Amino acid sequence: MPARPSAPLRRAARRSVPALVAALVVAALAGCTGVAGASGGGAAVVAGDRPALADLTPLDEPRAWEGEQTAVAAATPVDPVADDPQPALPVTVTDAQGTEVTVTDTSRVLALDLYGSTSRILFELGLGGSVVGRDSSSDFPEIADLPVVTTSGHDLSGEAILELAPTLIITDTTLGPWDTVLQMRDAGIPVVVVDSHRELGTVGDLIASVAAAVGLPDEGAALAARTEAEIDDVRAQVERLAPADPADRLRVAFLYLRGQAGVYYLFGEGSGADSLIEALGAVDVAGEIGWQGMRPVTDEGLVAAAPDLVLVMTKGLESVGGVDGLLEQLPAVAQTPAGEHRRIVDMADTQVLSFGPTSAQTLDALARAFYAPDAS
């Protein structure tokens, strides 16, 4: 087993992870003619159209099933924590980059990021009526009719943004070019940059940051508490579904695939995928070897890791020609238990690592695919 990096190196690698993850996912999504929405990579599913997670009976042996699965999160309507919130303005915040920003007007807001998480937060805070545009990943029904300000997949369009005359922009570093963000500041628009690092443990922080920027800290606290309670509820059900003995738990690898470019990465510690796998009661094989962030897959490493299940983004799997193409283009997968049994689970690119108000739905869908595939 490779030696574990020193603490300073681990911290440095962790700081670089969000930008690297964003760059990889942007590359995957750019050029796609359609982006799967909050309902996942398959047909939309409405909560209530399938058994509750608490009513499912898990397989006696989680490695007993064969064949690929698409995890589809239930489409849930926006449920604002406040009907008519009154932002406490002006408000001055210090954003994730250390920039002090004063916000005086939230009547026309843009919330833009790679996964559509920040815009969903505004709607859940009750401020959806003030949102004037969207990024291409924000496609939940309540926002779908608003104009898109990202072009060529996920590039910010300065012209499109200025046409909407926003009084506030909330974004992170997952979208670019950064010169466009600076251009907006030069135009006098307050821009608040929130942390781009996403994992289950940061969901509440992200909500609080967005809420603070619009002068709704109390509503933000309520939304964070509700979201975290929903996540905790799903995690409690996962504990029931997952094997009690750690030795029997599914060994999972999260692979990033981009077949057109022949790019294959294994996501590890600090990528967000590790927190997702842990919450699903599974073993992150990358974490076992101290794999930081994401690195190109090696045949030897993947075979030695021996994952029972491979988790991928839907568009990534499509880019290699599905499971058959994956086994052909990355033969090492075929030499793992996951490949031998075709246990490949895919989920919509904009959902699986979004870590926002719909995180509980993401966990719910993945838990079904992992432990009760016939009912997923």
*Restricting the search to the range 326-348, which residues are surrounded by 24 or more Cβ atoms within 10 Å (Cβ to Cβ) and part of a helix (DSSP H, G or I)?*
Leu326, Val333, Ala338
_Sole exception among (1) within 25 Å of Arg226 (Cα to Cα); (2) modelled with pLDDT under 95; (3) assigned to a helix (DSSP H, G or I); (4) of a type in the set (Ser, Thr, Tyr) for Ser39, by number_ = (3)
*Index of the failed condition, Thr94 passing every other in (1) touching a helix residue (DSSP H, G or I) at 6+ places or on another chain (Cβ under 8 Å); (2) modelled with pLDDT of 95 or more; (3) among the polar types (S, T, N, Q)*: (1)
*the range 97-141: number of residues that are charged (D, E, K, R), out of contact with any helix residue (DSSP H, G or I) (no Cβ under 6 Å at 6 or more places or on another chain) and over 23 Å from Thr151 (Cα atoms)*: 2
_Hey, Asp232 out of contact with any Gly (no Cβ under 8 Å at 6 or more places or on another chain), assigned to a helix (DSSP H, G or I) and modelled with pLDDT of 95 or more or not_ = yes
*List the strands (runs of 3 or more DSSP E) that sit entirely inside the range 87-164 and contain at least 1 residues that are in contact (Cβ under 8 Å) with a residue 12 or more places away in the chain and within 22 Å of the chain's Cα centre (by Cα).*
109-112
*Some residue of the range 199-210 being in contact with a helix residue (DSSP H, G or I) (Cβ under 7 Å, 6 or more places away or on another chain), more than 17 Å from Pro85 (Cβ to Cβ) and not in a helix (DSSP H, G or I)*: yes
*Exclusive hit being farther than 21 Å from Ser275 by Cα and either of a type in the set (D, E, K, R) or free of Cβ contacts under 8 Å to residues at least 60 places away in the same chain (or both), set Arg342, Arg368*: Arg342
*Do we have Ala286 as small (Gly, Ala, Ser) and part of a helix (DSSP H, G or I) here?*
yes
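The values are calculated or read from the model by the stated rules, or taken from the named source; none is laboratory data. From a predicted model like this one, the values you see are computed outputs, not experimental measurements. Positions of Cβ are generated from backbone atoms using ideal geometry, with glycine treated the same way; all protein chains shown enter the neighbour counts.
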